[in-house]
Amino acid sequence: MTDGQLNLTHQKLKTPRAAALAGILFAVLFSSSFVLIRLSIPANPEDSGTWLKDNAGTVTLALSLLPFAGIAFLWFMGVVRDRMGHLEDQFFSTVFFGSGLLFLAMTFVSAALAGGVLATYALEPSKLIDSGMYTLVRTVMYRITNVYAIKMAGVFMISLGTIWARTRLMPRWLTFLTYVLALGLLLSIGSNLWVVLMFPAWVCAVSVYMLASNLSKGEGSTKSEIRNNFK
């Protein structure tokens, strides 16, 4: 085997282990961004808009974290698909992949609307509030985030839980927990902060398990290679 082939094999073994950290990174960035936004922007979409003046800097910081959270989430999806391997079911994988992309797209759309409101307020503060456009955009942001995006997150979790139940790639307790949390997201009504944070917490738990599993497998394969070299 050539040096190039050895390096390629080594890289292929190392990549999933390192990429498993992406889920943890997503959980940290998304949770931090969402908490900052919720502490700065009132839950009621019919607010007077005072946060545009008082908390603009905090909201801008929160919005700047979301693109990096989205990138990390894409890596997390890649790690999950890599773990499935040849056991990947086309039907449930399509639902899993589509719902994950929809969740990410809706999150970005809501963040873009919030950024547009901030930019418009900085230029024409009185016109934005008096025209009724502010109330419209706030209502759209609320519906996208707290209804559609969260429901897609629930579908994402259910499809993965079903794949895990059929293939036994994950332990039963994690599959059961996935179903319970997914139903909580799908059946949730309102804008409770802690309900939304269940999704990044679940992603973090799954990533920690995969990272620990990959590391243990890596240590086992390294020990077997050492034993083979001494034979």
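The values are calculated or read from the model by the stated rules, or taken from the named source; none is laboratory data. Owing to the predicted nature of the structure, the values given are computational and were not obtained by experimental measurement. A quick note on method: Cβ atoms are made from the backbone with ideal geometry, for glycine too, and the neighbour counts reach across all protein chains shown. Heads up: the accessible areas ignore ligands, DNA and RNA and are worked out on the full protein's heavy atoms, side chains in. Shrake-Rupley method; radii C 1.70, N 1.55, O 1.52, S 1.80 Å.
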Quiz prompt | Dipole magnitude of the range 106-216, debye to nearest 20 (Cβ charges: Lys/Arg +1, Asp/Glu -1, about Cα centre) | solution = 400 debye
Self-check item: Once the Cα gyration tensor of the range 99-144 is diagonalised, semi-axes √(5λ) in Å
Solution: 24, 11, 4
Quiz item: Which ³J(HN,Hα) values in Hz, rounded to whole numbers, follow from the phi angles of the range 139-155 under the Karplus curve 6.51 cos²θ - 1.76 cosθ + 1.60, where θ = phi - 60° and Gly and Pro get x?
Solution: 5, 5, 4, 4, 5, 4, 6, 8, 10, 6, 5, 5, 5, 5, 5, x, 5
Quiz item: Measuring from centroid to centroid over Cα atoms, what is the spacing of the range 54-103 and the range 107-178 in Å?
Solution: 12 Å
Exercise. Express in nm, to one decimal, how much length is gained between L186 and I71 on full extension, taking 0.36 nm for each residue of separation and deducting their alpha carbon distance.
Key: 39.0 nm
Quiz item: Computed FRET efficiency, Cβ-Cβ of Y209 and T60, R0 35 Å: what is it to the nearest 0.05?
Solution: 0.50
Self-check item: Residue list for the range 110-124, given a label point 7 angstrom along the Cα-to-Cβ vector of L136 and an amide N cut-off under 16 Å
Solution: 113-114, 116-118, 120-121
Quiz item: Which order do I129, I37 take by accessible area at a 1.4 Å probe, largest first?
Solution: I129, I37
Quiz prompt | In nm, spacing of pseudo-spin labels at E46 and F176 (7 Å Cα→C-beta vector) | solution = 4.4 nm
